[in-house]
Amino acid sequence: MSDYPGRTSIGSELPKWGESIENAIQCHSAAAYVSESVERIPRRPPPEFEESDKDMMSGISEGGFLDVALNDVNQYGPHAMVMLLGVFASLTGLVLLLLMML
């Protein structure tokens, strides 16, 4: 009991240590089951993919730069996308530089 009238002690409101651990384990296992069985956003099937035995630059030129960068036709898609990003960033910087000179 508490020294203050109308109040109970904090210890009486909290669950016992063993009970709280068991509840946490049950909640965790239920959450793991839900996350494994139901996906909020279903995954799309992977695109067609041809693995190239050539080095990076030859593989990109073999598949076509834009096709590799945008459609991931071989394993060098991320590399081609970074190159494309560099080209667009350079062009954007050049246009901004020219506009500042006006």
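The values are calculated or read from the model by the stated rules, or taken from the named source; none is laboratory data. Everything quoted here is computed from the prediction, not taken from an experiment. A quick note on method: Cβ atoms are made from the backbone with ideal geometry, for glycine too, and the neighbour counts reach across all protein chains shown. For the accessible areas, the whole protein counts, side chains as well, though only heavy atoms, and no ligand, DNA or RNA atoms are used. Shrake-Rupley method; radii C 1.70, N 1.55, O 1.52, S 1.80 Å.
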Checked the stretch 46-65 for anything open to solvent by less than 100 Å² (accessible area, probe 1.4 Å) and in a loop (DSSP other than H, G, I, E, B); matches are Pro47, Ser52, Asp55, Gly64
Quick test for you: out of Val68, Val73, pick the one residue that is modelled with pLDDT of 60 or more, more than 21 Å from the chain's Cα centre (by Cα), assigned to a helix (DSSP H, G or I) and surrounded by 10 or more Cβ atoms within 10 Å (Cβ to Cβ).
Val68
Applying the selection to the stretch 76-89, what residues are of a type outside the set (A, V, I, L, M, F, W, C) and open to solvent by 80 Å² or more (accessible area, probe 1.4 Å)?
Pro78, His79
